[in-house]
There are 2 protein chains.
Amino acid sequence: MSSQIEIQRIEKSKIASVDFNNLPFGSVYSDHMLECNFKNGAWQTPVIKPFSPISLDPSSKIFHYGQSIFEGMKAYKDAENNTLLFRPLDNWKRLNKSAERLMIPQIPEEIFMEGLKALLKVDNDWIPTNEGSSLYIRPFMFATGSGFHASPANEYKFIIATAPSGAYFAGKVKVLIEEKYARAANGGVGYAKAGGNYAAQFYPTQLAMDKGYNQVIWTDDNTHQFIEEAGAMNIFIRINDTLITSPTSDRILDGITRKSILQIAEDAGIQTEVRKISVGEVVEAAKNGNLKEMFGAGTAAVISPIAGFGYQENDYELPVLENSFAAQLKKKITDIQTNKVADPYGWRIFV
Amino acid sequence: MSSQIEIQRIEKSKIASVDFNNLPFGSVYSDHMLECNFKNGAWQTPVIKPFSPISLDPSSKIFHYGQSIFEGMKAYKDAENNTLLFRPLDNWKRLNKSAERLMIPQIPEEIFMEGLKALLKVDNDWIPTNEGSSLYIRPFMFATGSGFHASPANEYKFIIATAPSGAYFAGKVKVLIEEKYARAANGGVGYAKAGGNYAAQFYPTQLAMDKGYNQVIWTDDNTHQFIEEAGAMNIFIRINDTLITSPTSDRILDGITRKSILQIAEDAGIQTEVRKISVGEVVEAAKNGNLKEMFGAGTAAVISPIAGFGYQENDYELPVLENSFAAQLKKKITDIQTNKVADPYGWRIFV
C-alpha cells in the first residue's frame, strides 16, 4: 500500500516561519496534506501534496447538504525522537461509523493508516517536541459531487491535514448547563463527528460566552434534566470519590479520551460509574459539598478542568484540590501518549 | 445598489447545449452566479461572474464545522415573457433566520434582492418557458474562514446560483413514517435550512428507499408519535374535508409553500387546522376511510401527492380522488406564480 501513495513534495518548506514555542491551536498548518478522492465508486490513489487550496464546483454538495465528517488525533514525539500515535485505529473506526450515518463511503484502513504514517514521515519536522505541544491531526471527508438535490453525493474527498499545536483551552473553564438549546436528537447524528453538529452549537455557546462562560454542557433535548457532553469534550463528574460519566448513546460521542480515562481511572483504583447523571444530582452535590471535580475529556483539550458551572441563573464554584483526579489522570494519559511510562494497554503506536 | 454590482460576463454561453424540453432538477447550471464575500466584518462588493469553481483552503470551516445554510426559490416566465419571483423577501428573511442560528452574518436585503434581480437579468435566457419547468434558484452562505477550532469563522461567502429545472419528483410518492431515526432536536436547528439537517436524513431515507419508499415522514424525536415534516417538504393531511398541517416549531421549517397553501386553502373555503397530528390519528383515519389525501409542500416539489404510507410494517394506500385538494391547490399556486390569475396577496414580484 505505502508504495501506492504518490508523493509531491513542497518546493520550499514554510517551517522556518513557525515559532514552535508559541503555537496556537490548529491554525498553523504543516507543509503537506494527504488527499484521496472517491469517484466512480472507488477510492483513487492517495497523494501527499503541498497543503494547498481545494477547487470545488459551487454545486458541490458540501456547500448545501452538510455531508462532512472529521476526526481529531495527535502525534507526539518521545524523548528519543520517536513519533507516536494514540489509538489511531479507534479514530479510523469512528470515522467510518460517522461515514455510515452520513452516507459517505467507508475509508479503507490502509488508506487511513498508511496514508497517515507516510504523511507524518514527510512532515516529521513539524511534530513539536516541547512539553504540552503536539501535532494535531485532522482527517476529514466531505461530499464533492454536485447537484441541488438533497441526496448523497457520488464523489468525495478524504484529506488528512496537520497543525503543530499548543493547548486548546488556556486554564480552567467555566461552563453553563444548558436549559433551552440542544445539541442532538434521539435517533439523530449526535454520536457522529458530523460537521453540522458543531455549527449547531455556536449560537448557544455564544449566548453562554456573553454571560461569561467558556462552554456549554449539553443536556438531553427532551427534559434538559440529564448531562450529556460538552460538544468538543465528554464530561466527567466527581462526587466524593466516585468518578461519573454519562453512557454513550446516539446523542453522545464515544470519545477516545473518555474511554481511555475510564480505563486508567479503574486501574488506578478510582471508583467509576457510567450512568445517567441528572443536573439535580450535580447541583445538590455542589450545595452539600460532595461535588469535588468536573472536567472535560477530548483529544484536543485532553483533560480540561472545570472551575465552576452556571445553572438556572446560579453559579456554583468547584473546590481547588491538591492531587485532583483531573491532574492525576491527565499526567497518566499524557505520559502514556508521550512514552514516559509503560503502556499496558497497547494504545500507543510507533510510526 | 445595483450600480455597485460588478458584472463579469461569460465569454461563450453554454445555453445551446441545454435541452430545455428534458430538464432534470437542479443539475444543469446557468452561465453566471452572484458571489459576495464577507471579510473584515463587512460584505464586499457583489460580483456576477461565470459559474465557476471556488478555491478554498483545506482548513476552511465549511469542511469541518458545517457552517452552511441555503434557500430554495424559483423564477418563472409568464405568457408575456415577464420574469416573476414568488415571495422572495420571505426567502431572504428565512435565510437570515438560519444565519442567526448558525452564527453566519446577516445578508443585507439589497445584496440579496438586487443581486438576485441583476443575476436574473444577465441570465434571462436561462429561465424556462415551458409548463412545469422553472429556474430553480439556490442562494447559499458558508464559512470560508479557517481554523481547526470549533468556533464560528470570520469569513463567509454568499452565492446565488441558478439551474433551469423540471419536476423534483416524478409522479406520486410513497412515504415511510419514521419510528427510530429523527431529523431534529428540541432546541436544535431543525427550523433552519442548515446543510447538516439534510445530510442527517440521507441514511434513514436510504433505509426507507431500500424498503420501497421514496421519502421519510419525520416524527418527533422523543415519542415518534407526532408528524413533523418530510425534510424537503412540509406535510399536509386531509381527513374528511379538513386539511391539517403541523404547527411550525424549532424543529419544523416554516415553509413558504406551506403558508401559501394554508392561505389559499382558507380563501377557497377549505377548512384548515394547524395543530399537532398524531400518527395514531392518521392510521385510524386510513383504516376507517376518513383519510382522503396526504401531500408534501415545498418550493422544489411545489405540491407532491402521496400515494400511500408505511408505518409499523403495514402499508396504507390513499384513495385516488377527482378534484383533490392537492390538484386544486397546486393549480392555484402555480397559476399565481406564473401570472395566469390575479394575485390578491401581493406574493409575486416582477423582476
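The values are calculated or read from the model by the stated rules, or taken from the named source; none is laboratory data. Keep in mind it's a predicted model, so treat the numbers as computed, not measured. Virtual Cβ from ideal backbone geometry, glycine too; neighbours counted across all protein chains shown.
Give me the residue from region A:214-252 that is part of a loop (DSSP other than H, G, I, E, B) and more than 14 Å from chain B (Cβ to nearest Cβ) and, out of that set, nearest to A:I270 (Cα to Cα). Steps first, please.
Applying the first criterion (part of a loop (DSSP other than H, G, I, E, B)) to region A:214-252 yields A:214, A:218, A:220-225, A:228, A:230-233, A:240-241, A:246-252.
Checking which are more than 14 Å from chain B (Cβ to nearest Cβ) leaves us with A:240-241, A:246-248.
Values: A:N240: 11, A:D241: 7, A:S246: 16, A:P247: 18, A:T248: 20 Å.
Here the answer is A:D241.
Within region B:2-13, does at least one residue satisfy the condition of being at pLDDT 95 or above, under 19 Å from B:L119 (Cβ atoms) and within 11 Å of chain A (Cβ to nearest Cβ)? Show your work before the answer.
Of the residues in region B:2-13, the ones at pLDDT 95 or above are B:5-13.
So of that shortlist, the ones also under 19 Å from B:L119 (Cβ atoms) come out as B:5-13.
In the following step, the residues that additionally are within 11 Å of chain A (Cβ to nearest Cβ) were identified as none.
Within region B:2-13, not a single residue is at pLDDT 95 or above, under 19 Å from B:L119 (Cβ atoms) and within 11 Å of chain A (Cβ to nearest Cβ).
Rundown of residues vs (1) touching a helix residue (DSSP H, G or I) at 6+ places or on another chain (Cβ under 9 Å); (2) modelled with pLDDT of 95 or more, yes/no style:
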site: B:P164; (1), (2): yes, yes
site: B:A170; (1), (2): no, no
site: B:V175; (1), (2): yes, yes
site: B:G195; (1), (2): yes, yes
site: B:A199; (1), (2): yes, yes
site: B:K211; (1), (2): no, yes
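I want to confirm something. Restricting to region B:160-185 and keeping residues that are in contact with a Lys or Arg (Cβ under 8 Å, 6 or more places away or on another chain) and closer than 28 Å to B:V282 by Cα, which single residue is nearest to the other protein chains (Cβ to nearest Cβ)?
Here the answer is B:A185.
Please go through region B:195-211 and pick out each residue that is in contact (Cβ under 8 Å) with a residue 40 or more places away in the chain and surrounded by 24 or more Cβ atoms within 10 Å (Cβ to Cβ).
Correct list: B:G195, B:G196.
Applying the selection to region A:186-211, what residues are touching a strand residue (DSSP E or B) at 6+ places or on another chain (Cβ under 7 Å) and either assigned to a strand (DSSP E or B) or more than 9 Å from chain B (Cβ to nearest Cβ) (or both)?
Residues satisfying the conditions are A:K193, A:A194, A:A208, A:K211.
Might you let me know whether region A:259-266 holds any residue that is in the same structural domain as A:V302 (by TED's automatic domain parsing), out of contact with any Asp or Glu (no Cβ under 7 Å at 6 or more places or on another chain) and in a loop (DSSP other than H, G, I, E, B)?
Taking region A:259-266 and keeping what is in the same structural domain as A:V302 (by TED's automatic domain parsing), we get A:259-266.
Of the ones still in play, those that are also out of contact with any Asp or Glu (no Cβ under 7 Å at 6 or more places or on another chain) are A:259-266.
With the extra rule that they be in a loop (DSSP other than H, G, I, E, B), the set shrinks to none.
Within region A:259-266 (the criterion being in the same structural domain as A:V302 (by TED's automatic domain parsing), out of contact with any Asp or Glu (no Cβ under 7 Å at 6 or more places or on another chain) and in a loop (DSSP other than H, G, I, E, B)), the answer is no, since none of the residues qualifies.
Name the single residue, out of those in region A:148-165 being of a type outside the set (A, V, I, L, M, F, W, C) and in contact with a strand residue (DSSP E or B) (Cβ under 9 Å, 6 or more places away or on another chain), that is nearest to A:T205 (Cα to Cα).
The selected residue is A:S165.
Applying the selection to region A:72-110, what residues are within 14 Å of another protein chain (Cβ to nearest Cβ) and within 18 Å of A:F38 (Cα to Cα)?
The answer is A:L95, A:N96, A:K97, A:S98, A:A99, A:E100, A:R101, A:L102, A:M103, A:I104, A:P105, A:Q106.
Looking at B:S59, B:S30, B:S55, can you tell me which residue is within 19 Å of B:G145 (Cα to Cα), in contact with a Leu (Cβ under 9 Å, 6 or more places away or on another chain), within 12 Å of chain A (Cβ to nearest Cβ) and small (G, A, S)?
Details: B:S59 fails: in contact with a Leu (Cβ under 9 Å, 6 or more places away or on another chain); B:S30 fails: within 19 Å of B:G145 (Cα to Cα).
Only one candidate passes the filter, namely B:S55.
Could you say which residue among A:K180, A:K172 is of a type in the set (D, E, K, R) and touching a residue at least 60 places away in the same chain (Cβ under 8 Å)?
Working: A:K180 fails: touching a residue at least 60 places away in the same chain (Cβ under 8 Å).
Among A:K180, A:K172, only A:K172 is of a type in the set (D, E, K, R) and touching a residue at least 60 places away in the same chain (Cβ under 8 Å).
Here is a yes/no grid of residues against (1) touching a Phe, Trp or Tyr at 6+ places or on another chain (Cβ under 7 Å); (2) of a type outside the set (F, W, Y); (3) in contact (Cβ under 8 Å) with a residue 60 or more places away in the chain; (4) surrounded by 21 or more Cβ atoms within 10 Å (Cβ to Cβ):
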site	(1), (2), (3), (4)
B:E71	no, yes, yes, yes
B:L85	no, yes, yes, yes
B:K93	no, yes, no, no
B:I104	yes, yes, no, yes
B:E114	no, yes, yes, no
B:D125	no, yes, yes, no
B:G132	no, yes, no, no
